[in-house]
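Below: one structure, written as structure tokens.
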Amino acid sequence: FEIGPVYNTNPRDRKLRGGQMKPIAKELVFDIDLTDYDDIRSCCEKANICSKCWAFVTMAMKVVDTALREDFGFEHILWVYSGRRGAHAWVCDPRARNLPDDRRRAIAGYLDVIRGGNSSGKRVNLKRPLHPHMSRSLEILKPYFAQTTLVDQETFGSSEQAQRLLSLLPDKGLNESLRKRWESSPDRSSANKWADIDALAKTGKSSTLNPTTLRDAKQDIVLEYTYPRLDSEVSKKMIHLLKSPFVIHPGTGRVCVPIDARKAEQFDPLSVPTVSELLAEIDAWDAEHPSTNAGPEVADGEGSVPDSDARGSRRLQDYEKTSLKPYVDYFRSFIAGLLKEER
């Protein structure tokens, strides 16, 4: 199921209203998809993912979540696994839900830094001094660049990627020295190549390059290889649809579960339950507890389910018998916080 906006009339009556149906509210949403990282991830491609490239989603979540909270003051942000190779943010604050499209475009533009396609040369060109959002994002992303880009992905390992790195540096003399060094030792690691840039710059291989220009170029490179790549079209208009939390992804069978952004590093997309695993867990639980399967499922007035020992004979709801329970519990706590603010 895909969710769109709240309309001013029932969508089924749209023909009767003569085209007067208008969207009036919807969560502000963001979409991160790993296929947008295909030019810089070496471990997987297309729909495939692993823990190494999932780090790109984790770092994107951290940067976007921090900006939405600190720069825009939003509080109720639900992150949801897309079921295959990405994550969605649902900003649910009343203020966010009522934003008109021009404000949505402005926020998407604020977060959009990577320009152009893979073949369009330098994709990050930031003015100095850096905007506070960019300085903060750089601090969040530096450790990921050191681990994910240089070690896990070995991003500059191939001669093509090493050439791309040279094209992002501002000085021909330095580039020529680096090219010679890397061609003479083709097995040089990405981390060593990155260290070579400063090492050779310090030996005075270029008379025109000053330390500030080099530092700025390196900062732009770090951002180009780590900064979130958002599908901003999804964010700009209320009418865009987005996959609902807790639906089953038709390709993988995995459930689109919420992700606690405070523990983003601990989330493993490959351990998310599939619908067939959940059915097996329910069957296994029922087989182990035959005496507790009788009686109706009971929920309290808030829609949450009391602990089993609180109502001796209460029958557990099916989700409570499965590995889906922590995700449902997290979702319920999120909704409770949102309802509290609404009231």
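The values are calculated or read from the model by the stated rules, or taken from the named source; none is laboratory data. What you see is a predicted model, and the numbers here were worked out from it, not measured in a lab. Every residue, glycine among them, receives a Cβ derived from its backbone with ideal geometry; neighbour counts consider all protein chains shown. Keep in mind that these areas ignore ligands, DNA and RNA; they rest on the heavy atoms of the full protein, side chains included. Shrake-Rupley method; radii C 1.70, N 1.55, O 1.52, S 1.80 Å.
Ligands, DNA and RNA left out, the accessible area of the chain computed with a 1.4 Å probe is 51% carbon and sulfur. Our estimate of slack between GLU341 and CYS43, defined as 0.36 nm per intervening residue step minus the Cα-Cα distance, is 103.0 nm. Peptides 237-245, 95-103 ranked from most to least packed give 237-245, 95-103, packing being the mean of other C-beta atoms within 10 angstrom over each peptide's residues.
Can you check what the net charge comes to around GLU342, using other residues whose Cβ is under 11 Å from the Cβ of GLU342 (Lys, Arg +1; Asp, Glu -1)?
Details: positive: ARG97, LYS340, ARG343; negative: ASP93, GLU341.
Summing Lys/Arg as +1 and Asp/Glu as -1 gives +1.
For SER244 and SER167, FRET efficiency with R0 = 51 Å and r from the beta-carbon atoms, rounded to 0.05?
Details: r = 42 Å, r/R0 = 0.83.
Efficiency, rounded to the nearest 0.05: 0.75.
The relative contact order of the chain comes to 24 percent, based on Cα pairs under 8 Å that sit 6 or more residues apart. Out of these labelled values of log10 I(q)/I(0) by the Debye sum over Cα atoms at q = 0.07, 0.08, 0.10, 0.15 Å⁻¹, [x] -0.51, -0.62, -0.81, -1.28; [y] -0.40, -0.51, -0.73, -1.28; [z] -0.32, -0.42, -0.65, -1.33, which was calculated from the coordinates shown here? This structure yields the entry labelled [y].
Amide H contacts under 5 Å for ARG315: VAL298, restricted to partners 5 or more places along the chain or on a different chain, H placed in the peptide plane at 1.01 Å from N.
Evaluate the charge dipole of segment 20-147 about its Cα centre and quote only its size in Debye, nearest 20, assuming +1 on the Cβ of each Lys and Arg and -1 on the Cβ of each Asp and Glu. Its charge dipole is roughly 240 debye. Between ASP102 and SER184, the FRET efficiency estimated from the beta carbon spacing at R0 = 45 angstrom works out to 0.25.
For the pair THR213 and GLU154, what calculated FRET efficiency results from E = 1/(1 + (r/R0)^6), where r is the Cβ-Cβ distance and R0 = 25 Å, to the nearest 0.05? Could you put the intermediate results ahead of the total?
On the way: r = 27 Å, r/R0 = 1.09.
My answer for the efficiency is 0.40.
No solvent, one uniform scatterer per C-alpha: report log10 I(q)/I(0) for segment 27-124 via the Debye equation at q = 0.12, 0.17, 0.20 1/Å, two decimals. Log10 of I(q)/I(0), two decimals: -0.44, -0.84, -1.07. The simple spin-label model puts a point 7 Å past each Cα toward its Cβ; for ASN192 and ASN125 those points are separated by 3.5 nm.
If the reach is capped at under 20 angstrom between alpha carbons, list the lysines near LYS237, excluding any in the same chain fewer than eight residues apart. Here the lysines satisfying the reach criterion relative to LYS237 are LYS22, LYS26.
What 222 nm value per residue comes from the helices of the chain, counting each DSSP H run with n ≥ 4 as -39,500 (n - 2.57) and dividing by all residues, nearest 500 deg cm²/dmol? The partial results should precede the final answer.
Numbers: 11 runs with 135 residues, N = 343.
After summing the helix terms and dividing by the residues of the chain, the value is -12500 deg cm²/dmol.
Residues in the chain average 51 Å² of solvent-accessible surface per residue, probe 1.4 Å, ligands and nucleic acids excluded.
The lysines within cross-link reach of LYS263, meaning a Cα-to-Cα straight distance under 24 Å and a gap of 8 or more places when in the same chain, are LYS52, LYS62, LYS142, LYS243, LYS321, LYS325, LYS340. What number, in percent, do you get for the relative contact order of segment 133-278 if the mean sequence gap of Cα pairs under 8 Å and at least 6 apart is divided by its residue count? The value is 22 percent.
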